[in-house]
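> Below are the structure tokens for one structure; questions will follow.
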Amino acid sequence: MSGAERLNKAFVAHVVAADPGGPRGDPARSWALADSLENLMLLCHPHHHLVDEEDEARHPEARLLEMKAAHEARIAMLTGVAPSRGSHVLHFASRIGAHDCLVTRGHSDAALLPERYPLDRSPIQLEIVGTDYRDDEPAYWSLQIDTLRRQYGRLVAERLGTGDIAHLSAFAIGPQPLLIELGRLLSDIADVDVYQRSREPAGWAWREDGEPIDFIVERPASPAGKVVALSLGISARIDPRRITDVLGPDVPIWSIGVASPGNDILRRRACLARFRDEMRAIYRDIRLAHGGDAVIHIFPAAPVAMAVEIGRVWMPKADPSLVIYDEHRGLGGFVARLEIGPPQARAARHAA
């Protein structure tokens, strides 16, 4: 018939042949299993020919049953996700140093299943790659921050406002100030799951292994003044002298750290939730100790998911304004890259 050369033929194949003389046939079991669903597989024409004729020896009953079970388990997982568990996938990536950092759809889809499934055929892309600007140039930051805000407003905020997006799954990688700004845009009002990229093994699925993270919160002995430092040494230790080199020797330093910082420290979803709680508490405590008109200078060394949450839990109507720093050894240490807060507060600070 027309198009027969491209016809996709499928065959209901027997693991144990229906005839005792057929592939993997058995004098007694062939008749008993002839119509059993547990003994049937759906195969395309080439593979039906392979397992029954070309290479029967390498496809014994045990191997075919193992293949059948693995495929059925995969299909059961994919079809078992409730329709209400759909999520719109958000990718954000920006250049770190000289490297463009892309997030792949394969990794994000694998991380969602089996708890959720992607609603769109393509993720929402908030990415600026291929630019000639480096992150040691001021133009890089103005371009990246402005573009992120514009893209987020057009691709995400409008759809959240209309109710088109009910849940987001965020996969983000980039310099810390940009991740924090993405978190501020997302806020904790939207229903968002933030994922963490693991290095070993590489991927974005939560590993749920390793020891739970015990956060160490330290407060200054005598908190005073309106200029406050907040050190977040989770993925790397931050020497307080690197902060006082920027803000002066008398700045009060608040901190959230861990006993053994590391790049791959965040592997459990529950640890990210605990970090959110710690950030909310320290924002509140700084506000109570220094006043709502204080300015918190944040020096972050945190896993990417935690960096996003630093911005998400900040409350614009209650918490003090933020100045976010990026570490660049080529520039001698931490450099202020982003200001977050009411426009009038920023204007007053610059005037002073």
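> Give the residue that is farthest from the chain's Cα centre (by Cα), with candidates limited to residues of segment 303-318 that are hydrophobic (A, V, I, L, M, F, W, C) and assigned to a loop (DSSP other than H, G, I, E, B).
Ala318
> Tell me which residues, restricted to segment 234-251, are crowded, with 20+ Cβ neighbours inside 10 Å and either outside the structural domain of Trp314 (by TED's automatic domain parsing) or of a type outside the set (Gly, Ala, Ser) (or both).
The answer is Ile234, Ile238, Ile243.
Rundown of residues vs (1) polar (S, T, N, Q); (2) assigned to a helix (DSSP H, G or I); (3) touching a Phe, Trp or Tyr at 6+ places or on another chain (Cβ under 7 Å); (4) within 30 Å of Leu155 (Cα to Cα), yes/no style:
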residue	(1), (2), (3), (4)
Leu178	no, yes, no, yes
Gly183	no, yes, no, yes
Asp193	no, no, no, yes
Pro201	no, no, no, no
Glu211	no, no, no, no
Gly225	no, no, no, no
Ser235	yes, no, no, no
Asp250	no, no, no, no
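> Quickly run through segment 285-302 and pick out the residues that are in a helix (DSSP H, G or I), touching a residue at least 12 places away in the same chain (Cβ under 8 Å) and surrounded by fewer than 20 Cβ atoms within 10 Å (Cβ to Cβ).
Asp285, Arg287, Ala289
> Would you confirm, using the coordinates I've provided, whether Ser231 is in a strand (DSSP E or B) and not assigned by TED's automatic domain parsing to the domain that holds Ser260?
no
> Sticking with this one: Checking Pro175 against (1) on the phi < 0 side of the Ramachandran plot; (2) assigned by TED's automatic domain parsing to the domain that holds Met315, which single condition isn't satisfied?
Unmet condition: (2).
> Within segment 268-283, can one find any residue that is in a loop (DSSP other than H, G, I, E, B), of a type in the set (Gly, Ala, Ser) and surrounded by fewer than 24 Cβ atoms within 10 Å (Cβ to Cβ)?
The answer is no, given that none of the residues of segment 268-283 is in a loop (DSSP other than H, G, I, E, B), of a type in the set (Gly, Ala, Ser) and surrounded by fewer than 24 Cβ atoms within 10 Å (Cβ to Cβ).
> Also, I was wondering about something else. Looking at Ser30, Ser84, which one is part of a helix (DSSP H, G or I) and over 30 Å from Leu112 (Cα atoms)?
Ser30
> Among Asp135, Asp109, Asp146, which is the only one that is at pLDDT below 85, of a type in the set (Asp, Glu) and either part of a helix (DSSP H, G or I) or surrounded by 15 or more Cβ atoms within 10 Å (Cβ to Cβ) (or both)?
Asp135
> Now for a separate question. Condition first: charged (D, E, K, R) and touching a residue at least 24 places away in the same chain (Cβ under 8 Å). Now tell me which residues in segment 105-121 satisfy that. If you could, list the steps in order and put the result at the bottom.
Kept after step one, since they are charged (D, E, K, R), are these residues of segment 105-121: 105, 109, 115-116, 120-121.
Of everything in segment 105-121, those that are charged (D, E, K, R) and touching a residue at least 24 places away in the same chain (Cβ under 8 Å) turn out to be Glu115, Arg116, Asp120.
> Against the definition (polar (S, T, N, Q) and free of Cβ contacts under 8 Å to residues at least 12 places away in the same chain), how does Ser36 come out, yes or no?
Yes: the conditions hold for Ser36.
Rundown of residues vs (1) within 23 Å of Tyr325 (Cβ to Cβ); (2) among the β-branched types (Val, Ile, Thr); (3) at pLDDT 95 or above, yes/no style:
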position	(1), (2), (3)
Arg197	yes, no, no
Asp209	no, no, no
Val217	yes, yes, yes
Ala229	yes, no, yes
Leu232	yes, no, yes
Ile243	yes, yes, yes
Cys271	no, no, yes
Glu278	yes, no, yes
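The values are calculated or read from the model by the stated rules, or taken from the named source; none is laboratory data. What you see is a predicted model; the values in this text were computed from it and never measured. Positions of Cβ are generated from backbone atoms using ideal geometry, with glycine treated the same way; all protein chains shown enter the neighbour counts.
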